[in-house]
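The values are calculated or read from the model by the stated rules, or taken from the named source; none is laboratory data. Fair warning: this is a prediction, and the values are worked out from it, not measured in the lab. Please note: Cβ atoms are built from the backbone with ideal geometry, for glycine as well, and neighbour counts cover all protein chains shown. SASA here: full protein model, heavy atoms, side chains in, ligands and nucleic acids out. Shrake-Rupley method; radii C 1.70, N 1.55, O 1.52, S 1.80 Å.
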Amino acid sequence: MIINSLSLTNFRNFENLQAQFSPTVNIFYGKNGSGKTNLLEAIFVLCLGRSHRAASETVLVKKETDFYRIEGLLSEDENSIELAVAYQKNSRKKITLDQVAIKTSELYENFCAVAAGPEDSEILAGSPSTRRNFIDIYLSQYSKKYLRLLTDYHKVLQQKNAGLKNKVDISAYNELLIINGSEIILLRKQFLDAIKEETHENYSNIASGSQFDLQYKPSVKNCEELEGIEEIQSAFRETLESYRMKESIMERSLVGPHLDDISFFIDSLPARSYGSQGEIRTAALSLKLAVYKLIKEERNITPLLLLDEIFAELDNSRSEELIKLFANFDQLFLTTAVEPPQFLKSQGKSFLIDDGKIIDKV
C-alpha cells in the first residue's frame with residue numbers, strides 16, 4: 001500500500017496542506033514544534049481513524065476552528081483509492097472510501113500503518129494501559145477477528161461493572177466475558193510469541209549483540225503456557241470465581257484482558273527498571289519493526305511505516321545499524337530535527353516543515 005498524496009485542513013497546526021509523496025522514502029525535517037510529528041499523525045489517522053498518540057478528536061482540531069479533514073490518494077496493486085477522515089466538534093467522525101461512508105472497523109480491514117516515535121518508550125517504561133493500547137492497535141491490524149472480539153468484550157465489561165454497582169446477578173456477563181476474553185488472550189499470546197524472535201533479532205543487530213525478550217502477563221491466573229481455548233476458558237472461570245467476593249466489594253471487574261500486561265527484558269533484566277533511555281528507545285523501535293514485518297506477512301498488505309525522530313538518543317553505531325534495516329521496507333515516512341542523512345535523502349523526497357507549512361521540498 002502506498003500513499004501518493006495528502007491534503008490537510010485544520011489538522012493540529014496545519015490550516016491547509018497539500019503534499020505529493022515518493023513511493024519510497026519521505027523525510028519531514030525542520031525545527032521542533034514545526035509540525036513534523038503532526039504530519040505522521042495525520043497519515044495514521046487517515047489509515048486507521050485514530051491517533052497513534054492516543055489523542056482525542058477535539059485535540060486534533062486546529063485551535064480556533066471546529067473541524068478537521070484529512071484526504072489521501074492511495075494505491076495498491078495498481079488500484080487507486082480515495083480515502084477521507086473528517087471530524088466536526090460535537091458531532092460524529094465521518095470516514096469515506098471512494099466517497100462512500102464506511103465504519104472505522106472497515107479501515108482496519110483495508111489499511112495498515114505502523115508508527116514509531118519517542119512516545120514508544122512508554123510501552124516499556126510506562127503504565128500497563130500503554131502496553132495494552134499498543135497490542136490492541138497492532139493486533140487489530142494483524143487479525144480481523146480481534147477488533148470485533150475486543151469491541152464486544154468491552155461492551156460486556158461495561159454492563160458487568162454497572163451490574164456490580166447495582167448489586168444484580170452478573171453471572172451471564174461473566175460467561176460472555178469468558179467467551180470473548182479467552183479468545184482475546186489466545187490471540188494476544190500468539191501475536192506476542194510471533195513478534196518475540198524478530199524483535200530479539202532486530203535489537204541484537206542494532207545494539208551489537210545485546211539480548212531482548214518479552215513475556216505476556218495475563219490477569220487470568222496460570223494461563224501463560226496454555227494454548228487451547230477450552231483450557232484458557234477454564235482458567236478464566238476459576239479466576240473469576242476466586243475474585244467473586246472481592247469484585248462485589250470493589251464494584252468493578254478485577255479479572256480479564258482489560259488488566260493484562262507485558263514484561264520486557266534487556267539482557268535478562270527488567271527493561272523498565274534497568275534499561276537506559278537509549279536501550280529502551282532501541283527496544284521499542286525493534287518491537288515496532290517486528291510488528292511491521294508480521295502484519296505485512298500475515299495480511300499480504302504493505303503497511304505504511306511512520307518513524308518519528310528515531311535517531312534521538314541513539315549513538316552513531318546504533319543509528320548506522322538502524323539505517324541498514326531500511327532496505328527491507330517499502331514506503332517510509334521519517335521525521336528529523338536536523339538535515340537528513342544524504343543516504344536517505346537520495347532515496348526519495350525531503351520536505352522542510354516550518355510552522356505548519358511545507359516551505360521546501362526536494
Of the residues in the stretch 10-69, those that are of a type outside the set (D, E, K, R), over 18 Å from residue 359 (Cβ atoms), more than 19 Å from the chain's Cα centre (by Cα) and open to solvent by 40 Å² or more (accessible area, probe 1.4 Å) number 4
Filtering the stretch 14-41 for residues that are part of a loop (DSSP other than H, G, I, E, B) and either closer than 20 Å to residue 93 by Cβ or β-branched (Val, Ile, Thr) (or both) leaves a count of 1
Going through the stretch 99-150 in order, the residues found to be among the hydroxyl-bearing types (Ser, Thr, Tyr), open to solvent by less than 30 Å² (accessible area, probe 1.4 Å) and in a helix (DSSP H, G or I) are 108, 121, 138, 140, 146
Scanning the stretch 246-258 for residues that are open to solvent by less than 80 Å² (accessible area, probe 1.4 Å) and of a type outside the set (Asp, Glu), the one farthest from residue 149 (Cα to Cα) turns out to be 248
Tell me whether the stretch 225-245 contains one or more residues that are more than 30 Å from residue 319 (Cβ to Cβ), open to solvent by 40 Å² or more (accessible area, probe 1.4 Å), in contact (Cβ under 8 Å) with a residue 12 or more places away in the chain and among the hydroxyl-bearing types (Ser, Thr, Tyr). yes
Within the stretch 78-94, the residues that are closer than 23 Å to residue 1 by Cβ and part of a loop (DSSP other than H, G, I, E, B) are 78, 93
Per the list (1) within 23 Å of residue 264 (Cα to Cα); (2) surrounded by fewer than 19 Cβ atoms within 10 Å (Cβ to Cβ); (3) at pLDDT 95 or above, residue check on residue 155 breaks on (1)
Reported set for the stretch 221-264 where residues are among the hydrophobic types (A, V, I, L, M, F, W, C) and within 29 Å of residue 167 (Cα to Cα) is 232, 235, 236, 240, 245, 249, 250, 254, 255, 259
Flagged pairs (Cβ under 8 angstrom, 6 or more apart or on separate chains; first in the stretch 7-27, closer than 22 Å to residue 62 by Cβ; second open to solvent by 10 Å² or more (accessible area, probe 1.4 Å) and of a type in the set (Phe, Trp, Tyr)) are 9/67; 10/67
When the stretch 163-217 is checked residue by residue, the ones that are part of a helix (DSSP H, G or I), basic (Lys, Arg) and surrounded by fewer than 16 Cβ atoms within 10 Å (Cβ to Cβ) are 165
(message) Could you go through the stretch 336-343 and let me know if any residue there is at pLDDT 80 or above and assigned to a strand (DSSP E or B).
(response) yes
Among the residues of the stretch 158-195, the number that are within 30 Å of residue 292 (Cβ to Cβ) and in contact (Cβ under 8 Å) with a residue 60 or more places away in the chain is 8
